[in-house]
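Right, one structure below, let's go through it.
Coordinate-derived values only; no laboratory data. Just so it is clear, the structure is predicted and the values come from calculations on it, not from any experiment. No Cβ is skipped: glycine too gets one built from the backbone with ideal geometry, and neighbour counts run over all protein chains shown.
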Amino acid sequence: MAAKKAVKKATAKKAPAKAAKKVAAKRKGGSTTVPGISRIDQESTRTHGYFVRVGYHRTKEGAWRPKHRAFFGDAGHGGKEKAFKAAVKWLKEAQKK
């Protein structure tokens, strides 16, 4: 009887690990692989573009905030690709500061 309980515990422990692998496999990376650039597609506010953050620092309250940040909208830059290129260019310049 004790052996059956041990087997059940062992299989119960393996099940969450398999589930975690499935979740990780289903998760798709963002549209960008550049650290510091995030894609925003929010239909409710009609906001589409890339948000760039770089140079984190600690505030007086102790929270971490980006020193430099900018938004590159699709409409203002002529599409996703051009907005992304502008975001990458800005990020490179901001990292030099």
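Over the range 30-96, what portion of Cα pair distances is larger than 14 Å, expressed as a whole percent?
Percent of Cα pairs beyond 14 Å in the range 30-96: 58.
In whole Hz and in residue order, list the ³J(HN,Hα) couplings for the range 64-72 that follow from phi through the Karplus curve 6.51 cos²θ - 1.76 cosθ + 1.60, θ = phi - 60°; x for Gly and Pro.
8, 9, x, 6, 10, 8, 7, 10, 10
Given LYS60/LYS97; LYS67/LYS96; LYS60/LYS96, which pairs have Cα atoms separated by over 18 Å?
Too far apart for the 18 Å limit: LYS60/LYS97; LYS60/LYS96.
Test of understanding: what is the full-extension gain from PHE71 to LYS97, defined as 0.36 nm times their sequence separation minus their Cα-Cα distance?
So the chain would gain 7.6 nm between PHE71 and LYS97.
For the range 30-96, build the charge dipole from Cβ charges (+1 Lys, Arg; -1 Asp, Glu) around the Cα centre, then report which of PHE71, GLY55, GLN42 sits farthest towards its positive end.
Toward the positive end, the furthest listed residue is GLY55.
Using unit Cβ charges (K, R positive; D, E negative) and no other charged atoms, how large, in debye to the nearest 20, is the dipole of the range 30-96 about its Cα centre?
Computed about the Cα centre, the dipole is about 360 debye.
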